[in-house]
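S.K.: Next up is a structure, given as structure tokens.
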């Protein structure tokens, strides 16, 4: 049985940047208020001519180039997204056509901010079972298109972008384990209404709704538990983990997970200040940045984790 090895990473961020100061003229808020509560200073926002699939395409091509793999060799594409180009076909199908990667399986995973972790877990199983040899796993979000810019609970937090990895069947250790969980009893704390049903009934666009304090409380508890679960599954100690690459939701949540790992913040990859919460894109965006700037090196152990609406949460322990 083969292992699934990450052989290339890539990312893309839209050029337009919206700072906290930009919100001061339209909301009852301030740069200091936003930063103190979230750790965010700015976020990237998609242009009118861009789409989730166009961002994913750039990230995917960067990952393919890093891996030295041609798109025609890819036999599986999984996109984690909650802001797809269309209800159907999937963003993965649209991306497959853009890349010229014909014939393989291509589908989306909707697991909110945990979308990339879920997609990585599924691709890992495909490769281990022999169902794929080379896979593209992507997290991509156009969050700005589902935000109500009069709601400071959401619009100041989220940003747009895409991150990608190439997974290849390998005899080397790669993805050591993935862990995925959900609990639908919390569905009303973080959600976006069905745009088809709700527009017809209410004549309005569906926007994101979030009860931040309640989300925070559950997130800290569940992510602390999944750290223990992941380490126990691999017979590892906290000290065996070289890097934590968390979902970039809130600096306080990230700090809590780092504390659980007894890990100094210098070993936590942070992008939240300059990117905000990019939902399913945040983990692969952070991974690509840390790989390309030389922090994360071959052979090191990386723990990735995420938490999102559902609630859904998950982790992946990877040897780079």
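What follows draws every value from the coordinates through simple rules; no lab data is involved. The structure displayed is predicted, hence computed values, not measured ones. Glycine also receives a Cβ, built like all others from the backbone with ideal geometry; neighbour counts cover every protein chain displayed.
S.K.: Calculate the FRET efficiency for residue 172 and residue 239 from the Cβ-Cβ distance with a Förster distance of 25 Å, rounded to the nearest 0.05.
M.R.: It comes to 0.65.
S.K.: Could you line up 2, 126, 307, 88 from fewest to most neighbouring Cβ atoms inside 10 Å?
M.R.: The order, fewest Cβ neighbours first, is 88, 2, 126, 307.
S.K.: Quick check: pseudo-label points 7 Å beyond the Cα along Cα→Cβ at residue 214 and residue 273, how many nm apart are they?
M.R.: So the label points at residue 214 and residue 273 sit 3.3 nm apart.
S.K.: Can you give the FRET efficiency to the nearest 0.05 for residue 86 and residue 65, using r as the Cβ-Cβ distance and R₀ = 25 Å?
M.R.: That pair, residue 86 with residue 65, gives E of 0.35.
S.K.: Given axes a ≥ b ≥ c from the Cα gyration tensor, I'd like to know whether region 1-155 is rounded (a/c under 1.5), prolate (a/b larger than b/c) or oblate.
M.R.: Prolate shape, in that a/c is at least 1.5 and a/b is the bigger ratio.
S.K.: Could you list 118, 12 in order of exposure, starting from the residue whose Cβ has the fewest other Cβ atoms within 10 Å?
M.R.: Listed from fewest to most nearby Cβ atoms, that is 12, 118.
S.K.: When 31, 183 are ordered from fewest to most other Cβ atoms inside 10 Å of their Cβ, what list results?
M.R.: 183, 31
S.K.: As a test of the definition: which semi-axes, in Å, follow for region 1-62 when you take the square root of five times each eigenvalue of its alpha carbon gyration tensor? Largest first, please.
M.R.: 33, 17, 8
S.K.: Still on this structure, please answer the following. If you restrict to DSSP beta bridges whose two residues both lie in the chain, what percentage is antiparallel, to the nearest 5?
M.R.: Percentage antiparallel, nearest 5: 70.
S.K.: Taking every DSSP beta bridge that has both residues in region 176-319, what percent is antiparallel when rounded to the nearest 5?
M.R.: 75 percent
S.K.: Apply the Kirkwood formula to region 123-235: the hydrodynamic radius equals the inverse of the mean of 1/r over all pairs of different alpha-carbon atoms; give it in Å with one decimal.
M.R.: Averaging 1/r across every pair of different Cα atoms and inverting gives 17.6 Å.
S.K.: Need the full-extension length gain, residue 224 to residue 24, defined as separation in residues times 0.36 nm minus the C-alpha distance. One decimal, nm.
M.R.: 68.5 nm
S.K.: Using only C-alpha atoms and all pairs of different ones, pull out the Kirkwood radius for region 247-316 in Å with one decimal.
M.R.: Final number for the Kirkwood radius of region 247-316 is 12.6 Å.
S.K.: Right, here's the next one. Estimate the FRET efficiency between residue 49 and residue 102 by the formula 1/(1 + (r/R0)^6), using the beta-carbon distance for r and 30 Å for R0, to the nearest 0.05.
M.R.: Efficiency, from the Cβ-Cβ distance: 0.70.
S.K.: Using label points projected 7 Å from each Cα along Cα→Cβ, tell me how many nm separate residue 33 and residue 125, to one decimal.
M.R.: Distance between the two pseudo-spin positions: 4.4 nm.
S.K.: Still on this model: Could you grab the Rg to Rh ratio for the chain? Cα atoms only, Kirkwood for Rh.
M.R.: 0.95
S.K.: OK, next. Under a point spin-label approximation (7 Å from Cα along Cα-to-Cβ), what is the residue 266-residue 149 distance to one decimal in nm?
M.R.: A separation of 4.2 nm, rounded to one decimal place.
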